[in-house]
Amino acid sequence: MSNGKEYTTLNLGPTHPAMHGIFQNVLTIDGEKIVDSEQTIGYIHRAFEKIAERRPYYQITTLTDRLNYCSAPINNIGWHMTMEKLLGVKTTRRIDYMRIILMELARITDHLICNSVIGVDSGALTGFVYVFQERERVYEIYEEVSGARLTTNMGRIGGFERDFSPAAIRKLRDFLNHLPKVLHEFEKLLLRNRIFMDRTINVGPITAEKALNYGFSGPNLRAAGVDLDIRVINPYSSYNDFDFIIPVGTNGDTYDRFCVRQEEIWQSLKIIRNALENLPAGNFHVNVPEFYLPPKEEVYSKMEALIWHFKIVMGETAVPAGEVYHSVEAANGELGFYLVSDGGRSPYRLHFRRPCFIYYQALPEMIRGGVLSDAILTMSSMNVIAGELDG
Amino acid sequence: MENTFLIENLRNHFEQDIFEMNTNTDMLTVTVSYPVIHDVIRYLKEDPALNFTFLTTLCGIHYPDRGLPLGVIYHLHNIYENQRIRIKTFVTLNEPKVPTITDLFAAANWMERETYDFYGIVFEGHPDLKRILNVEYLDFFPMRKEYPLEDPTREDKDDRYFGR
Amino acid sequence: MTTRDPKYNKVDPPEGYMAPGMFATFFNTVIGLARKNSIWPLPFATSCCGIEFMATMGAHYDLGRFGSERLSFSPRQADLLMVMGTIAKKMAPVVQQVYHQMAEPRWVIAVGACASSGGIFDTYSVLQGIDRIVPVDVYVPGCPPRPEQIIEGFMKVQELVGREPLRRRYSEEYKELLNHYGILK
């Protein structure tokens, strides 16, 4: 270098224990201070958008599962809402409340992973193990509702495939009673821990204007001070019936992101409790004969149901041509689905607006000037999920 | 902000270059010609009455049967009044060049690289236009409609089981 | 409760000659027994199956009971390469490099449908199964497999490790296998 300094290039390569998912960071460092960095992604590019052009609409739910696989129900329900927007289907309040319960559960699990992994990266491994036990409880609830633990394929266009069973409601209540104790323990470990605060305050900061310019959304943006939440400015699925706070940080640093996510878990618990207590009576699905498979007893006995079943599975039901953009507040930010339909069996073009992909570009700015261990913490606090990053 | 106000405003400023304005879809969709796309987006971002300061997403699309087959679609969002707008622009296959908007929105950097990777649309003025998601030595643009989904060089798939 | 109590869960000793103060058996058996109860896995977790692996390592399903409490992220110190998740063609050279760096004896387990055969992603960018680039010992199907299935796959690897002949890694057959994958010794 012209000023006599020599910079080192460090490859924080695709397989590294501190990388949460596989992406590569090539860092240029001066001693331990980071001067610049460059990201290489695409190590798990599975071509979702191309696959979606070949699959009938109801099979795309399984693709959306694998976008942000830590909180699969949000992706599934977001896709169903996009289809309902295209078809002009209105859901009942019971379906909306059931969806809200599942989406908030998914948000809780995603934030639990992110926060406990921030702890792991700074050396505090205990919180992770406590918190993962709670994820097991949520997996049991998912199993009662949809049958699968992680990649849930939850719900159908027009509602759900089955109502919440009594076992599901009981497990939900048990979860709601149990989680606050574990969360308090987790917070006692980390939230006001001197070492944790020293390691995370003023680490990886970003200002609100820069964050908006970089297209941040979700907890990362709220930690920078902007109270933008799709559930509030554009309420979908009856979110306007619920009263919850949007936690907002000041600095946009790692500690703020940790605290914002922690507070969002508490707010989500409040929403779930509210929704469960006020769950309206009604049917668990609306009548969308072109997309909602009829019950098997009717398929084997009634002609109409048989014909609808055949048409749906063969993909010969009518879809209006047009384009629609719908977004939901996923655990990481605004997850959007831009769907262009030409009236055929599969979408003409389906584009996923993936929040991780968009805010990961800001990483070089956030870690410049910090040291290597700060960079690791910043990366883990941004909650980058590789499936959503590459898609 | 009403759609009519937006339509009036845009028509006054960019009369010759707007091809189509569609209000039948969920948000106002405007198709413009590609040389002015940067000015249109800058106007939408910086005008104090319009204030579309958030770039939601940027993607490409391919209509092989049209005269201008490759398209770029921008979604902008006015977060203060919750108003969205969709801007489309189309280019030919021989000269797929569109001005970049990375100077207006830093978020557009990787989104334009992704669009280049999938469709081959070259964004003029982009600081570092190279493939982002696919391998570097890939010599075609996979999302274009003429390319198949599966890997065509596989020899181990038995066509009898795949209905071909 | 002493170990002589009939309710204490004992494992049978391997075949051999027992006398007071001594137990004689084959080298193979003893070394296999030692190796199979202390496998150090390298969790090569790429996507959703990685999260199910995290659940398997957690307190509920606990892979640590099988002797693999110590995960090794460095290939030089690992015995078992657990590939969990989709491997794209961009990632394939990385998997090969990691496999090359592992010291013998090494085993590979392909967890999940994507690692076994490409899974639901039959696309131009996804490697249709890691057995195209590295030799695989056990395949665990599922999308994602339940932790119980991952543990069963792991137990199958333990069986393989316990029964492996000592000179297998020097045999002609094994060299053939490595040559087939282009892995030079």
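The values are calculated or read from the model by the stated rules, or taken from the named source; none is laboratory data. On a predicted model such as this, the values are computed, not experimentally measured, just so you know. Glycine also receives a Cβ, built like all others from the backbone with ideal geometry; neighbour counts cover every protein chain displayed.
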Check: If you go through the range C:43-58 one residue at a time, how many are more than 9 Å from chain A (Cβ to nearest Cβ) and either over 20 Å from A:V384 (Cβ atoms) or in contact with a Lys or Arg (Cβ under 7 Å, 6 or more places away or on another chain) (or both)?
Finding: 1
Next item on the list: Select from the range C:59-75 the residues that are within 13 Å of another protein chain (Cβ to nearest Cβ) and part of a helix (DSSP H, G or I) and write down the one among them that is surrounded by the fewest Cβ atoms within 10 Å (Cβ to Cβ).
Entry: C:G64
Note to self: Give me the residue from the range A:1-57 that is surrounded by fewer than 19 Cβ atoms within 10 Å (Cβ to Cβ) and among the hydroxyl-bearing types (S, T, Y) and, out of that set, farthest from the other protein chains (Cβ to nearest Cβ).
What the structure shows: A:S2
Check: Within the range C:31-45, can one find any residue that is touching a Leu at 6+ places or on another chain (Cβ under 9 Å), more than 30 Å from C:T123 (Cβ to Cβ) and hydroxyl-bearing (S, T, Y)?
Finding: no
Next item on the list: Please indicate, with yes or no, whether at least one residue in the range A:289-298 is within 30 Å of B:I79 (Cβ to Cβ), more than 14 Å from chain B (Cβ to nearest Cβ) and surrounded by 15 or more Cβ atoms within 10 Å (Cβ to Cβ).
Entry: no
Next item on the list: Confirm whether A:A148 is free of Cβ contacts under 8 Å to residues at least 24 places away in the same chain and within 12 Å of chain C (Cβ to nearest Cβ).
Entry: yes
Check: Got at least one residue in the range B:78-98 being in contact (Cβ under 8 Å) with a residue 60 or more places away in the chain, at the interface with chain A (Cβ under 9 Å from one of its Cβ atoms), surrounded by 15 or more Cβ atoms within 10 Å (Cβ to Cβ) and in a strand (DSSP E or B)?
Finding: yes
Check: Can you find a residue in the range B:31-48 that is under 27 Å from A:F357 (Cα atoms), of a type in the set (A, V, I, L, M) and either part of a loop (DSSP other than H, G, I, E, B) or within 14 Å of another protein chain (Cβ to nearest Cβ) (or both)?
Finding: yes
Notebook entry, point to check: For the range C:135-155, how many residues are part of a helix (DSSP H, G or I) and either within 14 Å of chain A (Cβ to nearest Cβ) or in contact (Cβ under 8 Å) with a residue 40 or more places away in the chain (or both)?
Noted result: 8
Next item on the list: For A:G147, indicate whether it is closer than 23 Å to C:G112 by Cβ and part of a loop (DSSP other than H, G, I, E, B).
Entry: yes
Next item on the list: Go through the range A:272-391 and tell me which helices (runs of 4 or more DSSP H), entirely inside it, have 2 or more residues that are at pLDDT 90 or above.
Entry: A:296-301, A:303-314, A:355-360, A:363-367, A:372-381
Checklist line | Condition met for A:D198 (touching a residue at least 12 places away in the same chain (Cβ under 8 Å), assigned by TED's automatic domain parsing to the domain that holds A:C356 and among the acidic types (D, E)) | finding: no
Check: Scanning for something among the acidic types (D, E), assigned to a helix (DSSP H, G or I) and under 28 Å from B:M27 (Cα atoms), does the range A:78-93 turn up at least one residue?
Finding: yes
Notebook entry, point to check: Is one or more of the residues making up the range B:126-138 touching a residue at least 40 places away in the same chain (Cβ under 8 Å), more than 29 Å from C:R132 (Cβ to Cβ) and acidic (D, E)?
Noted result: no
